[in-house]
Amino acid sequence: MRLRWNVIIGSLTIIPGLLFGGVATGYLLGGLADKHLFVGAHHLVNVVLLLLVFVMVIATALTLAERKWSAMMQNRIGPNRARLPFLENSALSGVPHVITDVLKLLTKEAFIPKDASKLLFNLAPMLAFAPVFALFAIVPAGPTVNVFGFDIEMVAANPDFGLLYLFGIASLAVYGTSLAGWSSNNKFALLGGVRASSQMISYEVALGLGLVGMMIAFSTVQLGGPAGMSDLQSHYLPGWSTYLGPIDVGVPQWGFLLQPAGFILFFAAAFAETKRAPFDVPEGESEIIGYFVEYSGMQFGLFMIAEFVEVVVLSGVLIAIFFGGPYLPFGNLWLKSLFGPDWQWLYGSILGTVFWLKVVLLCYLQLAIRWTFPRFRYDQIQTLGWKILLPIGLANVFISGALILWDPSLKALAIAGGIEILVLVALTLTPTPAKSRADAHIGHHGPVDEHGHGADHALPAGHH
Amino acid sequence: MSADDYDPSPSNEELEAHLQTRNMVVNLGPSHPAMHGTVRMRVELDGETIVKVDTEIGFLHRGFQKSCENVTWTQCLPYTDRLNYVSALGNNFGFLHAVEELIGLEIPERAKYIRVIGAELHRICDHLTATGALGLELGAFAAFLYGVEARELLWDRVTELTGARLTTSYGRIGGLNRDLPPTWPALVEKSLKKTEELAGEVEALLSRNRIFVDRCRGTGIITTQDALDFGFTGPCLRANGVKYDVRKAKPYWVYDRLDFEVPVGASGDNYDRYLCRVEEMKQSIKMIRQCFKEMPEGPVMVDDWRIALPPKQEVYSTIEGVMAHFKLVMEGVQVPAGEVYSCTEGANGELGWYLRSDGSGRPYKVHVRAPGFHILSGVNKMIEGRMLADLVPTFDTINMIGGEVEQ
């Protein structure tokens, strides 16, 4: 394939540039709001900026990115037919398709089947959309910095029960899906709704268990703020840091390094919660078409965009908990010292950009998984959730707890995590012996698939 | 019973009784993503488990057999394109082979080789579609597109050979209507290389993919006895370990001279059917290369004006030429009275033809034994008692083609 350098360089400058501009606006507006309205008014700015601008715009862009990226993976060109007036000769990488999609969905008839339960039918898309959106409220998208004399937190809300809010709201999402399936008065939709509700409820167990290790390690369920998980990950493991000239380096306390098993569990479970391939049985377009089979127009659009919002939110949550939030793996102190007290918002904006870039990368990872893996069968999903993820989660909680009790500085945990990662990498790189049928029948999850849960069965080995 | 005797607490029997449930009947198709080729399945579901499947075909029925009776033998050819529309050349040549057998006609060497090349090319196309669609419907869209990319390449070669991608109508009774284009073998070789690469890509994406294997292995199983009873042939039968391939059992054209293996499975499940197809593609590629190497020069059509159209030069300059041309076009090839059952190995199995001629230029009766029909009839055995989701890979690996099943 021809490398289009202008496109590559363009996106490499435009995307971080836009993100930086957005975050900087957030900090400055937040500072102004605090100064002129009341202290804490910056949270209102954040609601608008983070939820409505960042999450929504990235989710919208993902609708296009999904098609373009999948086209890349499949030797296709992808959408390029929609053109803007006066720019008929340029496909603009398919960006006009975002506009045409929205126009199409908005102008289509919102069809309601005759025997559908009207109230629930109309309520379901909203119930599916709102919770995923609200999830992002507790995700800190940048460090707390001082702007115009006020401490500006880059988070819509920072309750001390952070992760509990996350679990609570995440479980609400199931209502939208199952109600959509039930109220449509359609057998396919009903099957989809039943599948969705059982899947989402089962995976909540693994979802919670995946994070317990992190909660023990940092002794908090809060995400934002100086005592929150996100900020704690900017610290190095005690004693394992040094200075290279002015730059501080060391082993950061990133959740991914401390809790690889927890990360994989949480990732797999959250992936199941988003109902995207390989966990898309509720949709299962080749079998039952999906719980939203009767929806059309923007009501369908809400389900659709909710899925993409979920992708963004999941990336944000994963980064805040497991990938150091907005922080770089090293050099954070050095970066902070570069800017004087009046220019801290610049420091914040740089890290905010880092956060959103991490989000985009994780979104890409999720789409790559979605386009690479076939769909599970309904019962296989339950097996994975209850018989594989749950025991691993329990083992992980006990082992992590023991290690933290033994060494509260988390170093033992980090070493165990390092070993887990090494085992996973080794297993992934080891070529599987030639097809042995009997073997594959017994092991439910071999090292064949690389996207996390396939390698799960290796985890106990990493723990001894 | 007076009001005092009434005991509101339920009896033990009542408490232990199962909940009264009814099975749900779902109509899959004729317009349903999994039901390619517009077949309808009336599926009775107990939760996610299939209790009963009722397959209803006929949505693509177009009266193939009757239509054939109203046209000359040669004019049947375009109808055969539409049987298995993914591998039309296989049907074309199969039909011609049957007619030639009825006449007792031996076609030229070169034509035999070209027929093998064409049939095998389209067999690859068919298997690419089947394996790709299996991936597609299990959610691995990329595998499908890789498969289809290779198929497009091969169809481009078929277009150069026949003038059409799907409705090839290539070959005539007594040989072929035209020889290979001059640079064609080199192009085919190039496409085959790319096909090998892409098919390898599909295999790499699917064959050892944990989820794919879990979905396919142990699902859609049919016992060997059932498979034989239902009349399974082709990859679906070979997946059970029965080594029956018309190309080996009753060699026609030049298959007896070619060096190829017949891959067989063991368990008769979806995974084995998939693997059989993957392996058969490799064997077909091998065969095509061999044919190009061994193919002699020479005519591609018998030199008999009762069967082959005379050269245009003769038509325009001699009375014999004009008359032969006129008689062949208006009355058709005069096939001697009699009947024949002849079969070739189509992509999905034994493609059989029962032909009956009354000595005129038109068939008295054309009956097709479409491999897919027999396999489709066994689909109940494969999925009753299994889960709804298993229907999808099962329906894909049996590769039901509406055109040939419903004729």
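Just a few scattered comments:
- Pick from the range B:187-212, criterion under 19 Å from residue B:269 (Cα atoms) and open to solvent by 10 Å² or more (accessible area, probe 1.4 Å), ranking: farthest from the other protein chains (Cβ to nearest Cβ): B:203
- Evaluating residue B:149 against the criteria (1) within 30 Å of residue B:389 (Cα to Cα); (2) open to solvent by 60 Å² or more (accessible area, probe 1.4 Å); (3) acidic (Asp, Glu) leaves one unmet condition, (2).
- Residues satisfying the stated conditions in the range A:272-308, i.e. open to solvent by 10 Å² or more (accessible area, probe 1.4 Å) and within 12 Å of chain B (Cβ to nearest Cβ): A:283, A:285, A:289, A:293
- Residue match in the range B:254-265 (condition: among the aromatic types (Phe, Trp, Tyr), more than 14 Å from every other protein chain (Cβ to nearest Cβ), farther than 24 Å from residue B:400 by Cα and open to solvent by less than 40 Å² (accessible area, probe 1.4 Å)): yes
- Which listed residue, of B:286, B:327, B:282, is surrounded by 15 or more Cβ atoms within 10 Å (Cβ to Cβ), more than 25 Å from residue B:120 (Cβ to Cβ) and either out of contact with any His (no Cβ under 6 Å at 6 or more places or on another chain) or at pLDDT 90 or above (or both): B:327
- Just one of the listed residues (B:198, B:206) is farther than 22 Å from residue B:84 by Cα, in contact with an Asp or Glu (Cβ under 7 Å, 6 or more places away or on another chain) and in contact (Cβ under 8 Å) with a residue 40 or more places away in the chain, and it is B:198.
- Filter pass, residue A:82 being in a loop (DSSP other than H, G, I, E, B), touching a helix residue (DSSP H, G or I) at 6+ places or on another chain (Cβ under 9 Å) and more than 23 Å from residue A:57 (Cβ to Cβ): no
- Filtering the range A:44-67 for residues that are in contact with a Leu (Cβ under 8 Å, 6 or more places away or on another chain), within 14 Å of chain B (Cβ to nearest Cβ), touching a residue at least 40 places away in the same chain (Cβ under 8 Å) and closer than 28 Å to residue B:139 by Cβ leaves a non-empty set.
- Number of residues in the range A:22-42 that are open to solvent by 20 Å² or more (accessible area, probe 1.4 Å) and either of a type in the set (Phe, Trp, Tyr) or under 22 Å from the mean Cα position of the chain (by Cα) (or both) equals 1.
- Yes/no for residue A:304 being farther than 28 Å from residue A:395 by Cα and assigned to a helix (DSSP H, G or I): yes
- Filter result (over 19 Å from the mean Cα position of the chain (by Cα) and either more than 21 Å from residue B:215 (Cα to Cα) or not hydroxyl-bearing (Ser, Thr, Tyr) (or both)) within the range A:355-384: A:374, A:375, A:376, A:377, A:379, A:380, A:381, A:382, A:384
- Among residues of the range B:22-76 being surrounded by fewer than 16 Cβ atoms within 10 Å (Cβ to Cβ), more than 13 Å from chain A (Cβ to nearest Cβ) and part of a loop (DSSP other than H, G, I, E, B), the one that is farthest from the chain's Cα centre (by Cα) is B:70.
- Across the range B:219-230, the number of residues qualifying as assigned to a loop (DSSP other than H, G, I, E, B) and open to solvent by less than 20 Å² (accessible area, probe 1.4 Å) comes to 3.
- In the range B:318-341, the residues that are within 15 Å of residue B:100 (Cα to Cα) and either of a type in the set (A, V, I, L, M, F, W, C) or in contact with a Gly (Cβ under 7 Å, 6 or more places away or on another chain) (or both): B:332, B:333, B:334, B:335, B:336, B:337, B:340, B:341
- Checked against the criteria, residue B:139 does not count as in a helix (DSSP H, G or I) and over 16 Å from residue B:288 (Cβ atoms).
- Checked against the criterion of being at pLDDT below 85, open to solvent by less than 10 Å² (accessible area, probe 1.4 Å) and of a type in the set (A, V, I, L, M), the candidates B:382, B:400 yield just one match: B:400.
Every residue, every condition in (1) touching a residue at least 12 places away in the same chain (Cβ under 8 Å); (2) under 27 Å from residue B:348 (Cα atoms); (3) not small (Gly, Ala, Ser), yes or no:
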residue: B:274; (1), (2), (3): yes, yes, yes
residue: B:278; (1), (2), (3): yes, yes, yes
residue: B:286; (1), (2), (3): yes, yes, yes
residue: B:290; (1), (2), (3): yes, yes, yes
residue: B:295; (1), (2), (3): yes, yes, yes
residue: B:301; (1), (2), (3): yes, no, yes
residue: B:308; (1), (2), (3): yes, no, no
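Residue by residue, here is whether (1) among the β-branched types (Val, Ile, Thr); (2) within 28 Å of residue B:144 (Cβ to Cβ) holds:
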site: A:359; (1), (2): yes, no
site: A:371; (1), (2): no, yes
site: A:377; (1), (2): no, yes
site: A:380; (1), (2): no, yes
site: A:387; (1), (2): no, no
site: A:399; (1), (2): yes, no
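- The helices (runs of 4 or more DSSP H) falling completely within the range A:311-404 include none with 2 or more residues that are acidic (Asp, Glu) and open to solvent by 50 Å² or more (accessible area, probe 1.4 Å).
- Filter pass, residue A:243 being surrounded by 24 or more Cβ atoms within 10 Å (Cβ to Cβ), more than 18 Å from the chain's Cα centre (by Cα) and either away from every other protein chain (no Cβ under 14 Å) or under 30 Å from residue B:389 (Cβ atoms) (or both): no
- Matching residues in the range B:47-71 - criterion: being among the charged types (D, E, K, R) and at pLDDT below 85: B:48
- Within the range A:93-150, the set of residues being assigned to a loop (DSSP other than H, G, I, E, B) and of a type in the set (Val, Ile, Thr) comprises A:95, A:112, A:139, A:144.
- Per the conditions (1) modelled with pLDDT under 85; (2) charged (D, E, K, R); (3) out of contact with any Asp or Glu (no Cβ under 8 Å at 6 or more places or on another chain), the sole criterion not satisfied by residue B:277 is (1).
- Any hit, the range A:68-77, residues being under 25 Å from residue A:365 (Cα atoms), more than 14 Å from chain B (Cβ to nearest Cβ) and either within 23 Å of the chain's Cα centre (by Cα) or assigned to a helix (DSSP H, G or I) (or both): yes
- Tabulated pairs, the range B:48-61, first among the small types (Gly, Ala, Ser), second surrounded by 14 or more Cβ atoms within 10 Å (Cβ to Cβ), C-beta under 6 angstrom, 6+ apart or interchain: B:58/B:406
- Filtered residues of the range B:240-253 (kept if under 26 Å from residue B:110 (Cβ atoms) and surrounded by fewer than 19 Cβ atoms within 10 Å (Cβ to Cβ)): B:248, B:249, B:250, B:251
- Yes/no for residue B:166 being under 15 Å from residue B:121 (Cα atoms) and either within 13 Å of chain A (Cβ to nearest Cβ) or open to solvent by 60 Å² or more (accessible area, probe 1.4 Å) (or both): yes
The values are calculated or read from the model by the stated rules, or taken from the named source; none is laboratory data. Remember, predicted model here, so these are calculated numbers, not experimental data. For neighbour counting, all protein chains shown are included, and Cβ atoms are generated from backbone atoms with ideal geometry for every residue, glycine included. Calculation scope for accessible area: heavy atoms of the full protein, side chains included, ligands and nucleic acids excluded. Shrake-Rupley method; radii C 1.70, N 1.55, O 1.52, S 1.80 Å.
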